[in-house]
Each structure stands twice: as C-alpha cells, then as structure tokens.
C-alpha cells in the first residue's frame, strides 16, 4: 500500500526505526514529524489502542484526550508498553507489574476534562481535530 501524495516527497513513511507496520517495526510515539497521511494513520491507531486500554484497565479517559499533548504522549507510551508484552516481545513479570502499578499515575494525567470519553459520541470531534491538524485520511475514507 502506498500513501504517498504530492506533499510526501520522501515516500509514504519516515526513515525511522520507530515506525511500525505489520513487519514488526515500531510506530513512533508522537505524530510530530509525520506526513499528513501518516499522521492520520498514527491517530487512528492510537484511537483503537485508547478504546482497548480504556476497557482493559478501566481507565477514566476524558473526552478530548486527543487535544492534550501530555495525554497523547502518555497514552501512546502505554499503548507501546502493553503492545510489547502482548506481542511476547517482552517477557518480564516484574516489568508487567510495574506497568500495572503505573496505571494510577497515568490516571492522574488523564483527569483533565469534564466529560468521560465515549468512542461513539466523540468520534466526530476526533476526526474534526485530525483535519484541523492537517492530517489526511487515506484515499478510501
């Protein structure tokens, strides 16, 4: 699949060891520096991760988390951390316990905002924010 567009002179992804596809490479932990279509994909992947993490760890995520840089970074880091355990890349029981203990600290970072996050209700606001950031959806969307 090629996401290269007129504004993407160097191909469809950065030359960075942190980029992830299904080949086992990693996604970057920030959207900054990505091309517009890559940004869209980065946020979409994080959206899915946040929905899963919210259920899995009963996180009190607030609506608008995508607008807060600290929450974005914290959620991206948690998603990367859990992914390494879930994939079997890491097999470190004390490290997994550390992750679980850190959930309380993470919850403090996620308290900003009044309304709880509801994926169905918040999806439109999320997409509008991506467009405002200059993200470009894949051609099929």
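The values are calculated or read from the model by the stated rules, or taken from the named source; none is laboratory data. Quick caveat, the model's predicted, so the values are computed rather than measured. Cβ: placed from backbone, ideal geometry, glycine included. Neighbour counts: every protein chain shown.
Taking (1) surrounded by 11 or more Cβ atoms within 10 Å (Cβ to Cβ); (2) assigned to a helix (DSSP H, G or I) in turn, residue 97 satisfies each apart from (1). The residues of segment 103-123 that are part of a helix (DSSP H, G or I) and more than 14 Å from residue 67 (Cα to Cα), listed by number, are 103, 104, 105, 106, 107, 108, 119, 120, 121. Within segment 108-116, at least one residue is under 30 Å from residue 35 (Cβ atoms), out of contact with any helix residue (DSSP H, G or I) (no Cβ under 6 Å at 6 or more places or on another chain), loosely packed, with under 15 Cβ neighbours inside 10 Å and modelled with pLDDT under 95. When residue 56 is tested against the conditions (1) in contact with a strand residue (DSSP E or B) (Cβ under 6 Å, 6 or more places away or on another chain); (2) modelled with pLDDT of 95 or more, the lone failure is (1). Among the residues of segment 124-141, those identified as in a helix (DSSP H, G or I) and without any contact (Cβ under 8 Å) to a residue 40 or more places away in the chain are 124, 127, 128, 131, 132. The residue that is surrounded by the fewest Cβ atoms within 10 Å (Cβ to Cβ), counting only those in segment 38-75 that are touching a residue at least 12 places away in the same chain (Cβ under 8 Å) and outside any helix (DSSP H, G or I), is 60. Consider segment 117-140 and keep the residues that are modelled with pLDDT under 95 and out of contact with any helix residue (DSSP H, G or I) (no Cβ under 8 Å at 6 or more places or on another chain). The one that is surrounded by the fewest Cβ atoms within 10 Å (Cβ to Cβ) is 140.
Among residues of segment 77-105 that are farther than 20 Å from residue 45 by Cα, those with a beta-carbon under 6 Å from a residue that is part of a helix (DSSP H, G or I) at least six positions away or on a different chain give the pairs 90/84; 96/85; 99/81; 103/57. For the residues 8, 23, the requirement of being surrounded by fewer than 15 Cβ atoms within 10 Å (Cβ to Cβ) and at pLDDT below 95 singles out 23.
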